[in-house]
1. Restricting to the stretch B:208-251, and then to whatever is among the polar types (S, T, N, Q) and open to solvent by 30 Å² or more (accessible area, probe 1.4 Å), can you tell me which residue is nearest to B:T134 (Cα to Cα)?
2. Pick from B:L27, B:L5, B:L19: which is within 30 Å of A:L74 (Cβ to Cβ), open to solvent by less than 30 Å² (accessible area, probe 1.4 Å), outside any helix (DSSP H, G or I) and hydrophobic (A, V, I, L, M, F, W, C)?
3. Restricting to the stretch A:9-48, name every residue that is under 18 Å from B:A104 (Cα atoms) and among the hydrophobic types (A, V, I, L, M, F, W, C).
4. Out of all the residues in the stretch B:199-215, which are more than 19 Å from B:T111 (Cα to Cα) and either more than 10 Å from chain A (Cβ to nearest Cβ) or at pLDDT below 95 (or both)?
5. Going by the structure shown, is A:A164 in contact (Cβ under 8 Å) with a residue 12 or more places away in the chain, of a type in the set (A, V, I, L, M) and open to solvent by 40 Å² or more (accessible area, probe 1.4 Å)?
6. Search the stretch B:94-119 for residues being acidic (D, E) and more than 17 Å from B:E206 (Cβ to Cβ), and hand back the single one that is nearest to the other protein chains (Cβ to nearest Cβ).
7. Could you say which residue among A:E210, A:E238 is open to solvent by 20 Å² or more (accessible area, probe 1.4 Å) and among the charged types (D, E, K, R)?
Amino acid sequence: MATSLSTSGISRRALIALAFLLLLVFLVAPLVLVFTRAFGDGLEAPIAALREPDALAAIRLTLLVAAIAVPLNLVFGLAASWAIAKFRFRGRSLLVTLIDLPLSVSPVVSGLVYVLVFGAQGLFGPWLIGHGIKIVFAVPGIVLASVFVTLPFVARELIPLMEAQGRLEEEAALTLGATGWQTFRRVTLPNVRWGLLYGVLLCNARAMGEFGAVSVVSGHIRGLTNTMPLHIEVLYNEYNLPAAFTVAALLALLALVTLAAKSLLEWHLNDEPSTSSR
Amino acid sequence: MKRVLPGLPGTLGFTLLYLTIMVLLPLTALVIRATGIGFSGFAAQMATPRVLAAFRATFGIAFLSALLDTLLGLLVAWVLVRYRFPGRRLLDALVDLPIALPTAVAGIALTELYAETGWFGAPLAALGIHVAFTPLGIGVALAFVGLPFVVRAVEPVLADLDRDVEEAAATLGATAWQIFRRVILPPLWPALLTGFTLAFGRGIGEYGSVIFIAGNMPGVSEIVPLLIVVKLEQYDTVGACVLGSLMLLASFAIMLTINALQSWSQRRLGN
């Protein structure tokens, strides 16, 4: 298997070193900076920064948004992948494109469209104001924008996985007398569990970290409509850098946990199609 | 195949309803608002120096950053696919860091890193290169968020390449550079272009990681997504809609390009 290009010792070592250097300087340095700025002077200041009421409110709101957006898109992802992967009908590929669309749209545009529908001058604006319902510049708008940007994550993991697994096992279960729901719970769900977890993980990371879309619909009311990423912006613009980097470190930690779990899941995922089709 | 799986009407109905409420309705509202002002109104919104400069900066810088990402991404993908070395799995996991790291975190970290007092900014400033609060800073941020897209697009194609051809070329006396250019690069083009387009698409829409480092000088370092936010804050909803609908159009064009690239690449692999 030896080729002059792949294994010539010097160029091989040089290229590996170059790749490491590149990722260290370009990707890892910002991460190191976040943790250094947050925890460089001991733990007292960061802990105090996190116990500040506005920071606590931001953490609570971020958790709330993820707790709504992730389950919604999980249910959507399961329904969409069942319909798209297990059946053939016209317009399937259009549907897949539509599901992927939020990934290609600028986060700012994702926020803007909800202002246009639910804002004061929006489609439903007058009706909503008449009934005293506030969606934009309030928590519901933040949830909606977060659901929009995280909509594809579960579905796009499950569709190719379910497609690769086919429908033979489900048909066997049905022939043996299982109901549709039993088949889904006992056959389909276990077969896609790692892919499902992978999708949920990515969905959650994006829901907690989304900035642009949420920024447009939030209204930036301290302690009320600021999520953690928005709170970072507020602190940074007030030149409260230690506090900004402390909240940032918390989100960076989430990113690292996500990456680690993702690496572990990729191992399982690589096994999955082979184990299920035997 | 006699037994038909149940659940199509229910799941498909729910999928369509959900997509209509969450995606179609809001996007339609944007298109209606933007096209409602007519062509001349649309053109008048566009033909201001500030708007044109923002489009130039956004698309130009995103293009150059995606180009840089294509070069760097090819290098990283090559190392990950072709070599086995200690720390390879770590390197592989790190590639996705820009996708996992929230953009606001990346934004303030890059700004502090490349500011004139920062770890990288100080030595660069001594050389006369100012990164933070200039268009160059936008380029750094966009290259940061775009890199994983190229690596992940190139990796699988590179792994599938038939190495026999490379060996044959080497046996016939080709130099390493000739093998790279004539044997390895041609089948990689669709994947490289896909990665480039994905990085470019991410770049033009990017907001969080850019606004801190950009300096946001109108006409110089102001990007279109920021200008949309500025117009919304000034209650210029129509202006925001015009810019937003053009960005949406760009997203559609990029999705179509990627679909075309993928069918091109599948046809190539099929041969």
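1. Looking only at the stretch B:208-251, we keep the residues that are among the polar types (S, T, N, Q), and these are B:209, B:216, B:221, B:234, B:237, B:245, B:251.
If we keep only those that are open to solvent by 30 Å² or more (accessible area, probe 1.4 Å) too, we end up with B:216, B:234.
Values: B:N216: 8, B:Q234: 24 Å.
This residue is B:N216.
2. On the way: B:L27 fails: outside any helix (DSSP H, G or I); B:L19 fails: outside any helix (DSSP H, G or I).
Just one listed residue meets the conditions, B:L5.
3. Within the stretch A:9-48, A:F26, A:L27, A:V28, A:A29, A:L31, A:V32, A:L33, A:V34, A:F35, A:A38 meet the criteria.
4. Selection gives B:A199, B:F200.
5. Values: in contact (Cβ under 8 Å) with a residue 12 or more places away in the chain: yes; of a type in the set (A, V, I, L, M): yes; open to solvent by 40 Å² or more (accessible area, probe 1.4 Å): yes.
Criteria met by A:A164.
6. First, the residues of the stretch B:94-119 that are acidic (D, E): B:96, B:112, B:116.
With more than 17 Å from B:E206 (Cβ to Cβ) added as a condition, the list becomes B:112, B:116.
Working: B:E112: 6, B:E116: 15 Å.
Checked the stretch B:94-119; the qualifying residue nearest to the other protein chains (Cβ to nearest Cβ) is B:E112.
7. Details: A:E210 fails: open to solvent by 20 Å² or more (accessible area, probe 1.4 Å).
After applying the criteria, what remains is A:E238.
Condition check ((1) at the interface with another protein chain (Cβ under 9 Å from one of its Cβ atoms); (2) of a type in the set (G, A, S)) across all residues:
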{"site": "A:R90", "(1), (2)": "no, no"}
{"site": "A:V113", "(1), (2)": "yes, no"}
{"site": "A:G119", "(1), (2)": "yes, yes"}
{"site": "A:F137", "(1), (2)": "no, no"}
{"site": "A:A145", "(1), (2)": "no, yes"}
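The values are calculated or read from the model by the stated rules, or taken from the named source; none is laboratory data. Worth saying up front: this structure is predicted, and the values here are computed from it rather than measured. As a convention, Cβ positions derive from the backbone with ideal geometry for all residues, glycine included, and neighbour counts pool all protein chains shown. Keep in mind that these areas ignore ligands, DNA and RNA; they rest on the heavy atoms of the full protein, side chains included. Shrake-Rupley method; radii C 1.70, N 1.55, O 1.52, S 1.80 Å.
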